[in-house]
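Comments concern the structure below.
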Amino acid sequence: MQSRVLGWSRSAKRLVVLALDMGLSILATWLAFSLRLDMLHWPVGAQWWVYGLTLVLFVPVFIRFGLYRAIFRYTGQAALVATAKATFVYALILLPLLLWLQQWIWVPRSLGVLQPLIFFLLVGASRTGARFWLIGLGRVDGQSSGRFLIFGAGTAGAQTASAMGIAAPFQLVGFVDDDPTKVGHSVNGVPVFAASSLASLVIDQGVTDILLALPTASRARRKAIIESLRHIPVHIRTLPDWGDLASGRVTIQDFKELDIEDLLGRDPVPPNTDLLARNLAGKVVLVTGAGGSIGSELCRQIVAERPRQLLLLEHSEYNLYSIDQELQRLCTAHSFAVELVPLLGSVTNLGRLHEVCRLYHPQTVYHAAAYKHVPLVESNPKEGIENNVFGTLNMATVAQDHGVESFVLVSTDKAVRPTNVMGASKRMAELVLQALSDRDLQKASTRFSMVRFGNVLGSSGSVVPLFRRQMMAGGPLTVTHADVTRYFMTIPEAAQLVLQAGAMASGGDVFVLDMGEPVKILDLARRMVELSGMQVRDETYPDGDIAIAIIGLRPGEKLYEELLIGDNPTPTAHVRIMKAHEHFLAWPELQMQLQALRNAIEVNDPIAMKAVLRDCVQGYQG
């Protein structure tokens, strides 16, 4: 029977619930009359109008409060609170109307209080009854498929438990909290345990999952809590989006895996709004590589600053289509009056770049177009150099020719003493901008700057999604070297800092982002396995779940990344942005090297290409 009811269409379910509530409203009115008169009541004459009035009043109020959008089997405390609010508003309307009707109809004044109160009890009982009637759907032979704890006994934890519902195929064992004032008490009848007792609690109660309900905790605190749970054999997950949680559609499968930012423990710095808007508000902005990891995030943040026009230059048709559609939806949802112009084209096509700038006259350019995958560029040096070096040269010279005010290059920590063609080509791109800025210093035309940072989380080729895919396949997790370390930053934070750094440029600036502490990739792999409730399989634990394999450094890969060539960075107006002072080649000398590099590309001579890179790029030994 339950399965048949759940098979009804959403409209049919709403009509049934509405009809039930109408019946409960009539019952509540009859009970209110009977209690007030101390006898079973039968409506006489115009008293039938009172029954009709209650129906006419409660339906629009309940609809307005969204009571017919809820899903009964997932309703909890939040739904009862919404019902109480709706009934209170309904009572505020009903009481004065009944007092007014007393001019023509005899109606007890207390009916305006009794009827809404009884109606609320009946509606609440119906929702609770329906929930209990449907709970069997989430169980198999009445047995739960797992047992979980919620870390955090605050509002988020209580709402999480309520939204999960007892229909979930997991059993809630209790809450865990490190606040001594909460330990030993209960939340909605569920006990709260001390965080210090977690390890024994997991073993004694057979806990399989821990859900983190700490939405307001700082990232440093989240990291500390996660580290304390690392060696407990349970699967750790975190809250889903608040919208899904509040809607009552959440099951344990909807909870998210831990993001690496939870493991890094670094809180983002609030942006300087003046810096963000300086090169964007009301201007024509061009983003190259607009469909890439960094380019697309730059676009998302740029539209929020309301430029007059945003030009999206991208050589991949699918990526351009995807980011254009996403930005159109974003602008519609937030009423951003930004004209979006999707442009197919490559930065290696000089004619196309001139055409774009001649037609649209951009004032600010963010140059994010680049080939950045180290092994692929190492195997394809011609294409990597052509795109990264000469694509940057093309865009920079076109920007100067058409009077662009600000040009910001998105660079990388791999440009510092590079061991690969990709890094060397990005440093060469930096040298191009430094030399052009120095050559045209007296003209004070285009302000060139570059922003250098490390790995961004979630970008194409990022290690975190790779590790997740490998864990789902049963392993092993592949690490290139036991000692390899990397800097990490979230894509939104990196893009936000790029926008702010570019606004501080005076010309030829090399900005370096504070990436925090470097992360050892082997440790990251171990943490991801352990926080998924599994054990690393190694010599100590040969029966573990997931192995970690050391596969050797890839061509051109470094053990450690650096952010500075020199050792003299100076602070800027932003705490996470530094300014480097590094040697560069004067334009006449660099121009000769660029011609030699172009000649090597034309004959596809990798040895000659690398020889030029060695001459120009400090520390490159490729």
Which members of segment 576-604 meet the condition of being in a helix (DSSP H, G or I) and more than 24 Å from ARG439 (Cα to Cα)? ALA600, ILE601, GLU602
Got a sec? Which helices (runs of 4 or more DSSP H) wholly within segment 307-418 have at least 1 residues that are hydroxyl-bearing (Ser, Thr, Tyr) and touching a residue at least 12 places away in the same chain (Cβ under 8 Å)? 317-334, 350-360, 374-379, 391-401
Scan (1) crowded, with 19+ Cβ neighbours inside 10 Å; (2) touching a Cys at 6+ places or on another chain (Cβ under 9 Å) for the single condition LYS283 breaks and write down its number. (2)
Of the residues in segment 1-40 that are more than 51 Å from the chain's Cα centre (by Cα) and surrounded by fewer than 16 Cβ atoms within 10 Å (Cβ to Cβ), the one that is modelled with the highest pLDDT is SER34
Does GLY622 satisfy the criteria of being more than 21 Å from PHE488 (Cα to Cα), part of a loop (DSSP other than H, G, I, E, B), at pLDDT below 95 and not β-branched (Val, Ile, Thr)? yes
Please work out which one of (1) within 18 Å of the chain's Cα centre (by Cα); (2) modelled with pLDDT under 75; (3) not basic (Lys, Arg) is the condition LEU214 fails and give its number. (2)
Going through ILE166, ILE150, ILE105 one at a time, which residue ends up being under 34 Å from the mean Cα position of the chain (by Cα), in a loop (DSSP other than H, G, I, E, B) and either surrounded by 14 or more Cβ atoms within 10 Å (Cβ to Cβ) or modelled with pLDDT of 70 or more (or both)? ILE166
Please verify whether segment 569-586 includes one or more residues that are of a type in the set (A, V, I, L, M) and either outside the structural domain of LEU436 (by TED's automatic domain parsing) or touching a Cys at 6+ places or on another chain (Cβ under 9 Å) (or both). yes
Only one residue in ARG222, ARG237 is outside the structural domain of ALA503 (by TED's automatic domain parsing), modelled with pLDDT of 65 or more, out of contact with any strand residue (DSSP E or B) (no Cβ under 6 Å at 6 or more places or on another chain) and buried (at least 17 other Cβ atoms within 10 Å of the Cβ). Which one? ARG222
Being surrounded by 19 or more Cβ atoms within 10 Å (Cβ to Cβ) and either under 26 Å from ARG554 (Cα atoms) or touching a Pro at 6+ places or on another chain (Cβ under 6 Å) (or both) is true for just one of VAL374, VAL365, VAL347, VAL356. Which residue is that? VAL374
Looking at ASP141, ASP179, which is the one that is more than 30 Å from THR87 (Cβ to Cβ) and at pLDDT below 75? ASP141
Output the residues belonging to segment 171-194 that are farther than 16 Å from ALA156 by Cβ and buried (at least 19 other Cβ atoms within 10 Å of the Cβ). VAL173, PHE193
With ILE577, ILE565, ILE551 as the choices, which residue is modelled with pLDDT of 85 or more and surrounded by 13 or more Cβ atoms within 10 Å (Cβ to Cβ)? ILE577
Segment 324-339, residues that are touching a strand residue (DSSP E or B) at 6+ places or on another chain (Cβ under 6 Å) and hydrophobic (A, V, I, L, M, F, W, C): LEU327, VAL338
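The values are calculated or read from the model by the stated rules, or taken from the named source; none is laboratory data. Computed from a predicted model, the values in this text were never measured in an experiment. Positions of Cβ are backbone-derived with ideal geometry, glycine not excepted, and every protein chain shown enters the neighbour counts.
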